[in-house]
Amino acid sequence: MLEPVAASRLQFAVTTIVHIIFPVMSMGLAPFLIYFTWKDIRTGKPIYEQLRRFWTKIFAISFVVGTVTGIVLEFEFGTNFAVFSTAAGDLFGGPLALEGMMAFMLEATFLGIFVFGRQRVGNVLYMISAVAVGIGTWLSAVWILVANSWMQTPRGYELASENGQQVVTLVDPLAAYLNPRFIWMYVHMQNAAVESVALVLAGLGAYFVFRHHIWGYPIENVEFWETTLKFGLIALIITAPLQVLHGDLYARHVFETQPQKFAAMEAIWETESYVPEYIIAFPTSMQDLLDPRAKDIFGIGIPGGASWLASGGDPQATIRGLEEFEGPQPPVALVFWSFRAMVGLGFWFILLAVWGGYRWVRGQLLEDDLLHLALMASTPLGIFAVHLGWVVTEVGRQPWIIQDIMKTSAGVSSDLTGTEATVTLAGFTVVYLALLVLYLYVVARIVRSGPPAPADRTVTERPETPTDEVGADD
Amino acid sequence: MTDGGWLANGPLFDLPLADIWFGLVFFIFAMFLFLDGFDFGVGLLFATREDSHEREQLLAAIGPFWDGNEVWLVVFGGALFAAFPAVYGNLFSRHYLLMFAILGALIIRGLAPEMYEQRHDENWQRWWGRAFIVGSVTAPFFLGMFTANWLVGATTIITLPSLVVGLTVVALTVVDGVAFLRLKTRGELRADLRTDGYRALGAYLVLVVLTLAYIAVAVPDLRSALVSPLVVALIVLTLILAGVYAVATSRDRYYVAFVAAAGLVFSLVSIVAGLMYPAIDPAVGLTVDAAIVSTVPLNLMSIGAGLLLPLIFIYFGVLYSAFSGPIDVEESY
């Protein structure tokens, strides 16, 4: 049996890693769906109706699986991190309550209309529903990230002690909610969601375009998949460079506010100036992989690069090494390699965007088979990069559950036993993996069956609803 | 707004905010139990229908609604966390395995209808149909167990009151589900459901009496609250509403029966709240006034809830009016 602390952390990690896939899909799809719905209503072109209906199906299943996996997360704070919840309820409960009332309610109610109501409501209410669902998903992220970013850069609080228990009291809500980390996180996360979905669109589009144009299989709805590829590519061209750009600023902000995490991201143990940035690092031994140290690792380093990045232009800047911080240290290997893989993927996505954009301009978008293969292979990589980013954020801030205020080990429920925690960890790992498999299965089925045939609008008029529902005798 | 500013100057308008939030948390819980309750009820009634077209009709009836309904549970968790963080932490970690049982049941219940619709072969639909039934029955059963343990301050999961209240809540969701389905279906199915409604109502009343009798006999701490005017009035109200429900069901007054079902849910949750007050976590003797969050977040949340809850009722109004009347199987996308 695992200890309650280890089991609770693992359980939160497993449930969040699976859960985050679904909100990324719904947040990323939201702007596309708003656009498709708008164009469908305005132009009446069948292609937009197909795009709207097809991606609404994917949105709907993502939302459902996101809901059922997300409710668990909300209650896990109470079940597994009761000491944290009690101590930080002042700051943490509010954003979660506001998320439910302000965002999730908006999203869930209008989603009913958006998914099931096309034949029941007029164009205006339908369009409003699409926008409301989109706003709901993006507002949801606001409150979740307010809560999370406060744990990284806590502000607007006072510390007190009640019955020997540390208690955090909210004194300045604005300072707490708009803590310095929030905006970086929000921009980086939302852009990542759109970029991830852009890669999904481009990858799926490329697959069918490839089958049709390169392999010569007859594909129904080729135009649909070509358009999907193009929309994915446009979004990728916009989001990929932005992601790396503000990612760089974000890292600088981490250097200023969470130096221990930054040192772990760069695997710097000793405090030094003129620190090189290893843009490419190769593990040459098991030792490098499991316990990377920037000084020993084989890689291509830009002299003074890390100092330059961290300080915003000064290659001589000093970076505090991990040795300066009292232990325990975050698991450096996981943070260091996740960070590198994420940044590497970020540049890969820019390359894809440039490559695709270039082919498109040259009128060769449908002919470059290598590009199609690269896009296909990259379909899930945006979401994977989101995972890596969150690993850097959450593992990198260990041992703190609230930076410099409360250690993760101190936040776990005191009455939780190792047996209980291990049982639910095992059970929910199985359940969440099963959910993920089922989700992928359903999405694959939707993709394989392709876009729905455009409805002949003259026939879909509903018959008058019989007037037997209100108090009439049957 | 440094140091909380005016938000720190005592409760807004000197309102008894701790009591208001106690009421609000239970109100939100009742909204959840009423709205998602009929979804659960539909799940149990699904077991009584063999015909695949009828089964599709049941699923179509809850399709646009269940997700929004379930969000009330999220809001319940959020409101409890925001207003009574100590209760949020203690209560859920104390009933750790039960909480995960509820969450697991909700996952199955939410996923099953979506999966059921994905394929139309018999085997697939049989298994997801079963999963839907199991999730829909166990979710309210575990919720009932949780509520009972919360109220009587039990620290073990399986107790006599928790089992009885679990069944009570299951019966209530069927009462609720029948009323909802009679609004949303037509013809033979709608007529057949009448009998299910009577049976569920009968079972519910018997189980409520058993629960109250148990409390009167075995929980001395709650005995005096049981005969308080409020609780007695709520018990009388339950009987009246049961009568209204039965008469409305027999005369096909669908909306009246539905409102009566809502009333039954709110009465039951109010009885629980009435018995518990002024404690909010009886197991550790924590009272509402002791558990309430500090002034700044309390005022902030009160403003937030005051502005947002009316909006939420508008959203639900739009949704339910867009789908008023019976819902056909083929409506979607």
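The values are calculated or read from the model by the stated rules, or taken from the named source; none is laboratory data. All figures in this text were calculated on a predicted structure; none of them were measured in a lab. Counting neighbours? That spans all protein chains shown, and the Cβs are built from the backbone with ideal geometry, glycine included.
Checking the stated criteria, B:Gly5 turns out to be modelled with pLDDT under 85 and either surrounded by fewer than 24 Cβ atoms within 10 Å (Cβ to Cβ) or in a helix (DSSP H, G or I) (or both).
Being touching a residue at least 40 places away in the same chain (Cβ under 8 Å) and either surrounded by fewer than 24 Cβ atoms within 10 Å (Cβ to Cβ) or not basic (Lys, Arg) (or both): is that true of A:Thr43 here? Considered against the rule, which asks whether it is touching a residue at least 40 places away in the same chain (Cβ under 8 Å) and either surrounded by fewer than 24 Cβ atoms within 10 Å (Cβ to Cβ) or not basic (Lys, Arg) (or both), A:Thr43 comes out as no. Restricting attention to the stretch B:282-308, the residues that are part of a helix (DSSP H, G or I) and either facing chain A (nearest Cβ under 7 Å) or hydroxyl-bearing (Ser, Thr, Tyr) (or both) total 9. Within the stretch B:151-177, the residues that satisfy the criterion of being in contact (Cβ under 8 Å) with a residue 60 or more places away in the chain and under 15 Å from the mean Cα position of the chain (by Cα) are B:Thr168, B:Val169, B:Val170, B:Leu172, B:Thr173, B:Val174, B:Val175, B:Asp176, B:Gly177. Among the residues examined, A:Thr67 qualifies as in contact (Cβ under 8 Å) with a residue 24 or more places away in the chain, in a helix (DSSP H, G or I), closer than 25 Å to A:Ala385 by Cβ and facing chain B (nearest Cβ under 10 Å).
It is to be established whether one or more residues within the stretch A:374-396 are in a helix (DSSP H, G or I), on the phi < 0 side of the Ramachandran plot, out of contact with any Asp or Glu (no Cβ under 7 Å at 6 or more places or on another chain) and hydroxyl-bearing (Ser, Thr, Tyr). Yes.
Annotation for the stretch A:42-50: at least one member residue is of a type outside the set (Val, Ile, Thr), at positive phi, more than 8 Å from chain B (Cβ to nearest Cβ) and not in a helix (DSSP H, G or I). Taking the stretch B:256-281 as the range and being under 21 Å from B:Val227 (Cβ atoms) and within 14 Å of chain A (Cβ to nearest Cβ) as the test, no residue passes. Tell me which residues, restricted to the stretch A:75-85, are surrounded by 24 or more Cβ atoms within 10 Å (Cβ to Cβ) and assigned to a helix (DSSP H, G or I). Across the stretch A:75-85, the qualifying residues are A:Phe77, A:Gly78, A:Thr79, A:Asn80, A:Ala82, A:Phe84, A:Ser85.
Let's see how each residue does on (1) more than 7 Å from chain A (Cβ to nearest Cβ); (2) free of Cβ contacts under 8 Å to residues at least 40 places away in the same chain; (3) in a helix (DSSP H, G or I); (4) closer than 21 Å to B:Ala260 by Cα:
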residue	(1), (2), (3), (4)
B:Ala18	yes, no, yes, no
B:Phe38	yes, no, yes, yes
B:Val74	no, yes, yes, no
B:Ala86	no, no, yes, no
B:Ser93	no, yes, yes, no
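Every residue in the stretch A:396-421 that is surrounded by fewer than 17 Cβ atoms within 10 Å (Cβ to Cβ), of a type in the set (D, E, K, R) and within 14 Å of chain B (Cβ to nearest Cβ), please. Passing the criteria: only A:Asp415.
Can you pull out the residues in the stretch A:8-51 that are more than 17 Å from the chain's Cα centre (by Cα) and polar (S, T, N, Q)?
A:Ser8, A:Gln11, A:Thr37, A:Thr43, A:Gln50
The set of residues in the stretch A:279-338 that are assigned to a helix (DSSP H, G or I), surrounded by 16 or more Cβ atoms within 10 Å (Cβ to Cβ) and in contact with a helix residue (DSSP H, G or I) (Cβ under 6 Å, 6 or more places away or on another chain) comprises A:Ala306, A:Ala310, A:Leu322, A:Val332, A:Ala333, A:Leu334, A:Val335, A:Ser338.
Hey, among the residues in the stretch B:44-69 that are at the interface with chain A (Cβ under 8 Å from one of its Cβ atoms) and not hydrophobic (A, V, I, L, M, F, W, C), which one's farthest from B:Arg130 (Cα to Cα)?
Here the answer is B:Gly68.
Condition first: modelled with pLDDT under 90, in a helix (DSSP H, G or I) and of a type in the set (Lys, Arg). Can you find one or more residues in the stretch A:201-222 that meet it? Scanning the stretch A:201-222, I find at least one residue that is modelled with pLDDT under 90, in a helix (DSSP H, G or I) and of a type in the set (Lys, Arg), so the answer is yes.
Condition check ((1) polar (S, T, N, Q); (2) touching a Lys or Arg at 6+ places or on another chain (Cβ under 7 Å); (3) within 8 Å of another protein chain (Cβ to nearest Cβ); (4) in a loop (DSSP other than H, G, I, E, B)) across all residues:
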residue	(1), (2), (3), (4)
B:Val71	no, no, yes, no
B:Gly89	no, no, yes, no
B:Leu103	no, no, yes, no
B:Ile107	no, no, yes, no
B:Asn123	yes, no, no, no
B:Phe132	no, yes, no, no
B:Thr138	yes, no, no, no
B:Leu143	no, no, no, no
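For the stretch A:422-437, the candidate set comprises residues that are within 8 Å of another protein chain (Cβ to nearest Cβ), free of Cβ contacts under 8 Å to residues at least 12 places away in the same chain and hydrophobic (A, V, I, L, M, F, W, C); within that set, the residue that is surrounded by the most Cβ atoms within 10 Å (Cβ to Cβ) is A:Val431. Scanning the stretch A:133-178 for residues that are in a helix (DSSP H, G or I), within 12 Å of chain B (Cβ to nearest Cβ) and aromatic (Phe, Trp, Tyr) turns up A:Trp143, A:Tyr177. Which residue, of A:His213, A:His246, A:His253, is in contact with an Asp or Glu (Cβ under 9 Å, 6 or more places away or on another chain) and either among the hydroxyl-bearing types (Ser, Thr, Tyr) or in contact (Cβ under 8 Å) with a residue 12 or more places away in the chain (or both)? None of the others qualify; the one that does is A:His213. Between A:Ala108, A:Ala130, A:Ala88, the distinction of being facing chain B (nearest Cβ under 7 Å), surrounded by 24 or more Cβ atoms within 10 Å (Cβ to Cβ) and part of a helix (DSSP H, G or I) belongs to A:Ala108 only.
Right, A:Ala97: crowded, with 24+ Cβ neighbours inside 10 Å and either more than 27 Å from B:Trp72 (Cβ to Cβ) or aliphatic (A, V, I, L, M) (or both) or not? Yes; evaluated as a whole, the condition is true for this residue.
Within the stretch A:318-339, count every residue that is in contact with a Pro (Cβ under 9 Å, 6 or more places away or on another chain) and of a type in the set (D, E, K, R).
2
Only one residue in B:Tyr320, B:Tyr315 is under 14 Å from B:Phe65 (Cβ atoms), within 22 Å of the chain's Cα centre (by Cα) and modelled with pLDDT of 90 or more, so which one is that?
After applying the criteria, what remains is B:Tyr315.
Among the residues making up the stretch A:117-142, those that are in contact (Cβ under 8 Å) with a residue 24 or more places away in the chain and either at positive phi or aliphatic (A, V, I, L, M) (or both) are A:Met127, A:Ala130, A:Val131, A:Ala132, A:Val133, A:Ile135, A:Leu139, A:Ala141, A:Val142. The residues listed here are B:Leu226, B:Leu237; of these, the one that is surrounded by fewer than 20 Cβ atoms within 10 Å (Cβ to Cβ) and modelled with pLDDT under 90 is B:Leu226.
Within the stretch B:97-116, being closer than 16 Å to B:Val42 by Cα and of a type outside the set (A, V, I, L, M, F, W, C) holds for B:Arg109, B:Gly110, B:Pro113, B:Glu114, B:Tyr116.
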